[in-house]
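S.K.: Below you will find the structure I want to go over with you.
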Amino acid sequence: MSKSKHLGVTPPISLDFSDKHEEALADDLLATLKSEGLFESEDERKTREVVLGKIDKLVKEVVYQVSLKHKLPESLARECGGKIFTFGSYRLGVHGAGADIDTLCVVPSHVRREDFFECMTEMLKARSEVTELAPVPDAYVPVIKLQFSGVDIDMTVGVLQQPTIPEDLELSDNNILRSIDEHSVRSVNGSRVTDEILRLVPNIPTFRLALRCIKLWAKRRAIYSNSVGFFGGVAWAMAVARICQMYPNKCASTIVARFFVVLNKW
């Protein structure tokens, strides 16, 4: 990493690379986390991908059906699009076996949130692979909770002020936040923050391994919850990302060790 360019608000504390001992400790860390069951199986990974593909198709169908109700011609209704984004631990790549998937459904401006919740809920009810369906439209961040083929899904919706949602839509564009309502800002923000964290870490695999360790530590000590005054998932991720910026060339074992040194001083 160039000394003239760095990620984060300050330059790195050290640009040194890990030695063989630190790398061996990182290998031990990975083995330990695997023994704790923190990684999903290949079959589970494939199931999640299939489920997300089906949900993406459902979102497009919801937009299509609502567009027809708004008297749009069928050809235009099909072009209105719709797209899903993941966020949270799944998008960060630190989810464990059996973890839920936070899913953002992005729809065009003529699809009201109420329309989406009503139409999507009816479509989900009609699918045999969907269980434990629980829409919560009045939550701080309105959400539809469900199990899809055994995978827990938290589905939120973001209504953008544009007539169509193209497949190449990027949420990093600040212009998409213009004129959207407060609920949509909260929903879209989850995906934007997750992507920004990944953009700002110097080594994503190192970050992921270190964060898995810190998440396990925090959960074992019952301090993984923002609802009771401790860090939540995003806050822990940001904290680990900051340590990665301070030591951009170090392996995960060193990041974990330095994390506790810095945390103690905070």
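Every number in this text was worked out from the coordinates using simple rules, so none of it is lab data. This is a predicted model, so every value here is computed, not measured. Here Cβ is always computed from backbone atoms with ideal geometry, including for glycine, and neighbour counts include all displayed protein chains.
S.K.: Have a look at the DSSP beta bridges in segment 42-181 and tell me what percent are antiparallel, nearest 5.
M.R.: Working: 15 of 23 bridges.
Restricted to segment 42-181, the bridges split so that about 65 percent are antiparallel.
S.K.: While we're here: If you take the beta carbon distance between residue 61 and residue 9 as r and set R0 to 35 Å, what does 1/(1 + (r/R0)^6) give as a FRET efficiency, to the nearest 0.05?
M.R.: Details: r = 44 Å, r/R0 = 1.26.
Efficiency, rounded to the nearest 0.05: 0.20.
S.K.: Evaluate E = 1/(1 + (r/R0)^6) for residue 74 and residue 100, where r is the Cβ-Cβ distance and R0 equals 25 Å; express this FRET efficiency to the nearest 0.05.
M.R.: Details: r = 35 Å, r/R0 = 1.42.
The value I calculate is 0.10.
S.K.: Using a simple spin-label model with points 7 Å from Cα along the Cα→Cβ vector, what separation in nm is obtained for residue 217 and residue 17?
M.R.: Spacing of the two 7 Å Cα→Cβ label points: 2.6 nm.
S.K.: Between residue 235 and residue 140, what length in nm is gained on full extension when 0.36 nm per residue of separation is reduced by their alpha carbon distance?
M.R.: Working: separation 95, 0.36 × 95 = 34.20 nm, distance 1.87 nm.
Result for the pair: 32.3 nm of gain on full extension.
S.K.: Of the DSSP beta bridges with both residues in the chain, give the percent that are antiparallel, rounding to the nearest 5. Intermediate values should be presented prior to the final figure.
M.R.: Values: 15 of 23 bridges.
The antiparallel fraction comes to roughly 65 percent.
S.K.: Can you give the relative contact order of segment 10-107 as a percent, counting alpha carbon pairs under 8 Å and 6+ residues apart?
M.R.: Numbers: 72 pairs, mean separation 26.6, N = 98.
Computed over segment 10-107, the figure is 27 percent.
S.K.: Round to a whole angstrom and tell me the spacing of the C-alpha centers of segment 173-231 and segment 248-266.
M.R.: Each part's Cα centre sits 19 Å from the other's.
S.K.: Let me ask you something else. Going by C-beta contacts inside 10 Å, put 28, 100 in order with the fewest on the left. Mind showing how you got there, number by number?
M.R.: Working: 28 11, 100 16.
Starting with the residue having the fewest Cβ neighbours, the order is 28, 100.
S.K.: Also, I was wondering about something else. Relative contact order of the chain, please, whole-number percent, based on alpha carbon pairs below 8 angstrom and at least 6 residues apart.
M.R.: Values: 398 pairs, mean separation 62.8, N = 266.
Relative contact order for the chain comes out at 24 percent.
S.K.: For labels at residue 28 and residue 196 in the simple 7 Å Cα→Cβ model, what's the distance in nm?
M.R.: My value for the distance between the label points is 3.8 nm.
S.K.: Would you mind pulling out the separation of the Cα centroids of segment 20-68 and segment 82-109, in Å?
M.R.: 9 Å
S.K.: Rank by packing, highest mean first: peptides 58-67, 117-126, 33-42, with packing defined as the count of other Cβ atoms within 10 Å averaged across residues.
M.R.: Numbers: 58-67: 21.8, 117-126: 16.0, 33-42: 12.8.
Most protected by this proxy first, the peptides run 58-67, 117-126, 33-42.
S.K.: Now for a different question. Run the numbers on segment 63-179 and let me know its relative contact order in percent, using alpha-carbon pairs under 8 Å that are six or more apart.
M.R.: Values: 195 pairs, mean separation 33.3, N = 117.
Once divided by the residue count of segment 63-179, the mean separation gives 28 percent.
S.K.: Residue 265 to residue 169: FRET efficiency via 1/(1 + (r/R0)^6), r the Cβ-Cβ distance, R0 51 Å, to the nearest 0.05? Don't skip to the end; give the middle numbers.
M.R.: Numbers: r = 41 Å, r/R0 = 0.81.
It comes out at approximately 0.80.
S.K.: Grab the Cα-Cα distance for residue 114 and residue 46, subtract it from 0.36 nm times how many residues apart they are, and report the gain in nm with one decimal.
M.R.: Values: separation 68, 0.36 × 68 = 24.48 nm, distance 3.19 nm.
Computed gain between residue 114 and residue 46 is 21.3 nm.
S.K.: Once phi is turned into ³J(HN,Hα) by the Karplus curve 6.51 cos²θ - 1.76 cosθ + 1.60 with θ = phi - 60°, what whole-Hz value does each residue of segment 197-213 show in order, with x for glycine and proline?
M.R.: 4, 5, 5, 9, 9, x, 9, 5, x, 5, 4, 5, 5, 5, 5, 4, 5
S.K.: Now for a different question. Treating cross-link reach as a plain straight distance, find the lysines whose alpha-carbon is under 18 Å from the alpha-carbon of residue 60, omitting any fewer than eight places away in the same chain.
M.R.: Answer for residue 60, where 18 Å is the Cα cut-off: 69, 71, 83, 125, listed by chain and number.
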